[in-house]
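As structure tokens, the structure follows; a few thoughts come after it.
Every read-out reported here was derived from the displayed coordinates using simple, explicitly stated rules and does not represent laboratory data. All of these numbers come straight from a predicted model, not from anything done at the bench. Cβ placement follows ideal geometry from the backbone for every residue including glycine, while neighbour counts extend to all protein chains displayed.
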Ligand code: ARG
């Protein structure tokens, strides 16, 4: 039976009842040699076709990879594929999970855009080679679902936040809730610049989240404020131009974030987080930054 949470009254008990979940230990990154902006499927890509500096992208990607390694994450590299310039955003092709018995699972995405559909099979092959149980959505019923771009785990809890509206359909979360046996808190996205949940919602730890409030409905904001004691808000420039909320905090302490998010960094510092700035300017041209350049795994 699926549990989709849309009301604050449902959320408190669900959070209290949620079983503990281990923090991710590993990450999968797709190498950037074929990364470029070749088409426009989100507003950030407009005007950027053909402008990616491949050398700079490679260098930025390596710095991001090394930051993850420095904070203790084991990074696996999967070669990018010619003709799939967005495959480098490895958060999108799947949603991984570890069950209470320690078995590893992955649900494969149904990409929204035609241009990205072929990416999924390459990631699936990697999962197969690495001992994961593979699951699929029913493509006859569910038009789209873009993995960890829209489905974000709560910190240390078996509870999922499910974004929908641009790239993932609400229906996908019924299957996911059933399959993984976890409640899903539904968040509708309403601002086209914030087309994935990971562009406007960054879970920092059990009680804290970094968000861009204008990306959500008032019902969504109420759910967020019910679940998190500390809701840190990013200002418009840092959220929209620098993708501040596409930061990532895999261990509840170290935040890896695009360079220049001054206001957000001040707030993070106040709450005691260690922040690590990286340059992802080439990837911002495609509407992505730190969070979507890796897939956190168990
Ligand atoms: N150009 C890519 C797209 O529009 C960027 C994806 C970024 N990924 C993310 N999870 N925000 O699909």
Relative contact order for the chain: what percent, with Cα pairs under 8 Å and sequence separation of 6 or more? 24 percent
Grab the DSSP H runs of the chain that are 4 residues or longer, score each as -39,500 (n - 2.57), total them, divide by all residues and round the 222 nm result to the nearest 500 deg cm²/dmol. -7000 deg cm²/dmol
Among DSSP beta bridges lying fully in segment 184-241, give the percent that are antiparallel, nearest 5. 55 percent
Roughly what would the spin-label model give for residue 178 and residue 8, points 7 Å off Cα along C-beta, in nm? 3.2 nm
Between residue 19 and residue 55, what length comes free when the chain is fully extended (0.36 nm per residue of separation minus the Cα-Cα distance, one decimal in nm)? 8.6 nm
FRET efficiency, 1/(1 + (r/R0)^6) with R0 41 Å, evaluated for residue 133 and residue 62 via beta carbons: 0.85
What is the ratio of the Cα radius of gyration of the chain to 2.2 N^0.38 Å, where N is its residue count, to two decimals? 0.91
If you find the alpha carbon centre of segment 75-145 and of segment 164-212, how far apart are they in angstrom? 17 Å
Residues in segment 1-22 near a label at residue 231, defined as backbone nitrogen under 19 Å from the 7 Å Cα→Cβ point? 5-16
Under 8 Å for C-alpha pairs, at least 6 residues apart: give me the relative contact order for segment 68-160, rounded to a whole percent. 28 percent
Relative contact order for segment 170-298: what percent, with Cα pairs under 8 Å and sequence separation of 6 or more? 20 percent
